[in-house]
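Step one of this worksheet: look at the structure below.
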Amino acid sequence: MGTPLLSVRNLQTSFFTREGEVRSVDDVSFDLEAGQTLGIVGESGSGKSVTSLSIMRLIPTPPGRIKGGQVLFGGQDLLKLSDRQMRAIRGKRIAMIFQDPMSSLNPFLRIARQLTEISELHLGLDRRAARRRAIEMLELVGIPDAARRIDDYPHQFSGGMRQRVMIAMALSCDPQLLIADEPTTALDVTIQAQILELIKDLRERLGTAVILITHDLGVVAGMADRVAVMYAGKIVESAPTDSLFARPAHPYTQGLLRSMPDPLQEVAELYQIPGLPPDMTRLPPGCAFAPRCPHAAEPCSQPPETVAVGAAHRSACWLNVRSETRA
Amino acid sequence: MPENVSSLIAVRDVKVHFPLDSVGSLGRLLGRPPARVVKAIDGVTLDIQPGKTLGLVGESGCGKSTLGRAILQLVRPTAGRIFFKGTELTGLNARQLQQMRRRMQMVFQDPYASLNPRMTVGDIIAEPIEIFEPLRGEALRRRVQELMRTVSLNPAFVKRYPHEFSGGQRQRIGIARALAVGPEFIVADEPIAALDVSIQAQILNLLSQLRRELGLTTLFISHDLRAVRHISDRVAVMYLGKLVEVADSHEIYRRPLHPYTQALISAVPVPDPAVEKTRRRIVLTGDVPSPINPPTGCRFHTRCPYAQERCRAEEPPLVDTGGGHQAACFLLEEVSSGGAARDSAA
Ligand SMILES: Nc1ncnc2c1ncn2[C@@H]1O[C@H](COP(=O)(O)OP(=O)(O)OP(=O)(O)O)[C@@H](O)[C@H]1O
Ligand SMILES: Nc1ncnc2c1ncn2[C@@H]1O[C@H](COP(=O)(O)OP(=O)(O)O)[C@@H](O)[C@H]1O
Ligand code: SF4
Ligand code: SF4
Ligand SMILES: [Mg+2]
Ligand SMILES: [Mg+2]
């Protein structure tokens, strides 16, 4: 292993709201090698999107602010770049697909204009060439009748088609790093399968590294080399994919895996992790999962250390600390 | 009247066509039809029994949301009839329809677009209650907080605005709003798509519980076949504006008859890396055809591994193959023996 393509070190991003500081990303570190895929899974509100927006330097400021840490991309700390330098990286070397396609599609512009803008800006194509490439990209992501539908507005597309337009936009500059934030959440499975194939294909063809944010453990099982599980702004467990599924160490990961409906088994009620998602403005002093954890005990009122529980497999839970010292 | 009077919802040969090109006032005057239409729903007949949940699955853009919206009369069908407990909704005027609205509610697909950004969560949930009920002040506030707890939202968030929540939290607000006036029927359009799995399990359990306790009837639209399998009594599979298969949910997973349903089920990701590495998927080739000019004959023929000459010319009807298991395919025998699909499975 050489220098990782992306190395996130002790990243801290907060939002300052009327209710106080929300530590959306609280001391998050991970590495991503070129061509590898990291899956990030976790509760809604756990900080997955804020992590990726921090990497892209797209945190709305105010109310948000990146408070500390480093985002080393090819050895260069993105947090130290000027806005202009960052714009040259965004969309070209690092591209992002958002959870909500409407948030990054302009409802008043035809699809054609939104696609050609990027390739004109980053690839220096002229209008005609940019339009040709845009149609190609739409065909690549499976928009039927692309040459005609390219002149439609976003609202004329179904949710799934909009997501594919987003992917076409992201892929149009052959990025080194693709951050896909819930890219298949709104899609049905055959299209999900095609889009995941598309991402796999791009990854293999261009050696693109991928951060795949998803709540679907099924998707990471088939896509990711490594998985990081986030809860309340922290990575609570990270491991090679096989290891995470075979030996989940953190009670939250264990709960997530148990709560998935199993198509082969009929049950009246699903296992559910009890309680409410954490109020990020009022986190408990120790382990943030404690109010929902079946194993919570006295030491959990202190923040748990992150310890190794296997090869490249780390977990932040006192149970793991105890079993480690016992072993 | 629909022949099946026991149904809470009865949909009879409904079509929803959207004009693509504006006809112009002269053309409209002359009764000239628009040159091109999107056939979002193109002849759907369907029943939902009281207290039951029907799962609706299918390709993106196939018309699931449009069907849900047509049932609630949020879009008026181009043709066909829709009944709610025997009342023909398609025959009601705007005022009569407004009275029906509190009995039928919708949870929307897009939790971002469907919440007013300038209203607090409390006001969003209270709005339908204020329209339909005399509840005000402290009693209203208590009802809102109760609803927030029902959908696993912290009632302390009552004064916050939608943008202060993550996607999953926003979807819960939408569910609370839909449940606020105690509807008999809800269309839940991708209600759990934006939720992480631990909360999906809670919401699925919640919907099951609501069905048990309130006898709530649900049309559950989702691309998550695992969730649909879990929550639904029956499942309807849609392709390009038509139903291709309808059956009881355990039956459709155990014995899918239509080639499209088989492909759908085989594409569901399994949370087990070992299974994911070795499993054989039926990979559908070809593009999703446009609903503007849907393929002739069986609409699935352009992607179907079994397609034959006849499939290009004739449209297979949705027929009962026994025990309420309906499918629309000419080659059910061959498909269930699995020849062609297995050969072409990746
Ligand atoms: N107002 C409209 N005007 C024109 N076409 C429309 C309109 N609404 C929907 N359509 C078209 O009708 C078809 C069905 O759309 P619909 O939103 O019902 O799909 P869906 O099955 O819900 O898809 P998804 O899973 O992506 O949400 C699509 O081709 C869409 O582009
Ligand atoms: N613009 C914002 N203003 C205030 N709080 C925010 C904003 N964006 C995100 N947050 C908060 O930051 C936390 C993490 O959010 P996010 O990263 O979007 O979660 P997810 O893991 O679902 O992607 C949540 O508590 C959310 O409410
Ligand atoms: S540290 Fe304690 S509360 Fe937190 S996950 Fe481990 S056992 Fe549960
Ligand atoms: S009718 Fe023909 S094309 Fe349609 S699903 Fe059956 S075999 Fe395939
Ligand atoms: Mg997110
Ligand atoms: Mg839809």
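Against the conditions (1) closer than 26 Å to A:H155 by Cα; (2) in a helix (DSSP H, G or I), B:E130 satisfies every one except (1). Of the residues making up segment A:2-22, those that are under 19 Å from the mean Cα position of the chain (by Cα) and small (G, A, S) number 2. Within segment B:282-292, restricting attention to residues that are surrounded by 15 or more Cβ atoms within 10 Å (Cβ to Cβ) and over 23 Å from the mean Cα position of the chain (by Cα), the residue that is farthest from ligand 5 (Cβ to nearest atom) is B:I282.
The rows are residues; the columns are (1) more than 16 Å from ligand 4 (Cβ to nearest atom); (2) surrounded by fewer than 22 Cβ atoms within 10 Å (Cβ to Cβ); (3) in contact (Cβ under 8 Å) with a residue 24 or more places away in the chain.
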site	(1), (2), (3)
A:T51	yes, no, yes
A:P63	yes, yes, yes
A:G68	yes, yes, yes
A:I89	yes, yes, no
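Among the residues that make up segment A:294-307, is at least one of them crowded, with 18+ Cβ neighbours inside 10 Å and within 14 Å of chain B (Cβ to nearest Cβ)? Taking every residue of segment A:294-307 in turn, none turns out to be crowded, with 18+ Cβ neighbours inside 10 Å and within 14 Å of chain B (Cβ to nearest Cβ). Within segment A:175-218, the set of residues being at pLDDT 90 or above and outside any strand (DSSP E or B) comprises just one member, A:Q176.
Scanning segment A:179-220 for residues that are small (G, A, S), buried (at least 23 other Cβ atoms within 10 Å of the Cβ) and more than 8 Å from chain B (Cβ to nearest Cβ) yields A:A180, A:A209. Return the residue satisfying two criteria in turn: it lies in segment A:134-164 and is in contact (Cβ under 8 Å) with a residue 24 or more places away in the chain, within 20 Å of B:T66 (Cα to Cα) and in a loop (DSSP other than H, G, I, E, B), and of such residues it is nearest to ligand 6 (Cβ to nearest atom). Top of the filtered list is A:F157. The residues on offer are A:G39, A:G20, and the sole one that is away from ligand 4 (no atom under 16 Å from the Cβ), on the phi > 0 side of the Ramachandran plot and within 14 Å of chain B (Cβ to nearest Cβ) is A:G20. Would you check if there is a residue in segment B:69-88 being within 11 Å of ligand 1 (Cβ to nearest atom), outside any loop (DSSP other than H, G, I, E, B) and away from chain A (no Cβ under 14 Å)? Yes, there is a match, as at least one residue in segment B:69-88 is within 11 Å of ligand 1 (Cβ to nearest atom), outside any loop (DSSP other than H, G, I, E, B) and away from chain A (no Cβ under 14 Å).
Which residue, of B:V181, B:V187, B:V228, is more than 15 Å from ligand 2 (Cβ to nearest atom), surrounded by fewer than 24 Cβ atoms within 10 Å (Cβ to Cβ), over 29 Å from A:S24 (Cα atoms) and of a type in the set (V, I, T)? Step through it out loud before you land on a result.
Values: B:V187 fails: surrounded by fewer than 24 Cβ atoms within 10 Å (Cβ to Cβ); B:V228 fails: surrounded by fewer than 24 Cβ atoms within 10 Å (Cβ to Cβ).
When all the criteria are applied, what remains is B:V181.
Check segment B:107-115 and report whether any residue there is more than 16 Å from ligand 3 (Cβ to nearest atom) and either over 30 Å from A:P144 (Cβ atoms) or modelled with pLDDT of 95 or more (or both). So far as segment B:107-115 goes, yes, one or more of its residues are more than 16 Å from ligand 3 (Cβ to nearest atom) and either over 30 Å from A:P144 (Cβ atoms) or modelled with pLDDT of 95 or more (or both).
Here is a list: B:A274, B:A201, B:A247, B:A236. Which entry is surrounded by 24 or more Cβ atoms within 10 Å (Cβ to Cβ) and closer than 30 Å to A:S243 by Cβ? None of the others qualify; the one that does is B:A201.
Taken over segment B:293-326, residues that are surrounded by 16 or more Cβ atoms within 10 Å (Cβ to Cβ) and outside any loop (DSSP other than H, G, I, E, B) amount to 2. The residue that is farthest from ligand 6 (Cβ to nearest atom), counting only those in segment B:169-198 that are part of a helix (DSSP H, G or I) and farther than 18 Å from B:I125 by Cβ, is B:S198.
The requirement of being within 14 Å of chain A (Cβ to nearest Cβ), more than 16 Å from ligand 2 (Cβ to nearest atom) and at pLDDT 95 or above is fulfilled somewhere in segment B:6-20, by at least one residue.
Go through segment A:221-238 residue by residue and tally those that are in a helix (DSSP H, G or I) and either at pLDDT 95 or above or more than 8 Å from every other protein chain (Cβ to nearest Cβ) (or both).
Summing the residues that are in a helix (DSSP H, G or I) and either at pLDDT 95 or above or more than 8 Å from every other protein chain (Cβ to nearest Cβ) (or both) in segment A:221-238 gives 1.
When the criteria are applied in full, B:S266 fails the requirement of being within 16 Å of ligand 2 (Cβ to nearest atom) and among the hydroxyl-bearing types (S, T, Y). Take A:A130 and decide whether it is more than 10 Å from chain B (Cβ to nearest Cβ) and small (G, A, S). Answer is yes for this residue. The single condition among (1) among the hydrophobic types (A, V, I, L, M, F, W, C); (2) touching a Pro at 6+ places or on another chain (Cβ under 6 Å); (3) facing chain A (nearest Cβ under 9 Å) that B:L240 does not meet is (3). Residue pairs whose Cβ atoms lie under 6 Å apart, separated by 6 or more positions or on different chains, with the first residue in segment B:300-316 and under 17 Å from B:T261 (Cβ atoms) and the second among the hydroxyl-bearing types (S, T, Y) and not in a helix (DSSP H, G or I), are B:F300/B:Y239. Scanning segment B:61-74 finds no residues that are over 16 Å from the mean Cα position of the chain (by Cα) and surrounded by fewer than 22 Cβ atoms within 10 Å (Cβ to Cβ).
Can you pull out the residues in segment B:243-255 that are away from chain A (no Cβ under 12 Å) and within 24 Å of B:V14 (Cα to Cα)? Correct list: B:L243, B:V244, B:E245, B:V246, B:A247. Among helices (runs of 4 or more DSSP H) entirely within segment B:233-292, having at least 1 residues that are touching a residue at least 60 places away in the same chain (Cβ under 8 Å) and either under 19 Å from B:C311 (Cα atoms) or not aromatic (F, W, Y) (or both) singles out B:249-254, B:259-266. Considered as a group, the residues in segment B:209-223 that are over 10 Å from B:G58 (Cα atoms) and either in contact (Cβ under 8 Å) with a residue 60 or more places away in the chain or buried (at least 24 other Cβ atoms within 10 Å of the Cβ) (or both) include one that is farthest from the other protein chains (Cβ to nearest Cβ), and that residue is B:T217.
The values are calculated or read from the model by the stated rules, or taken from the named source; none is laboratory data. Remember, it's a predicted structure, so these values are computed and weren't measured experimentally. Reconstructed Cβ throughout: ideal geometry from the backbone, glycine too, with neighbour counts over all protein chains shown.
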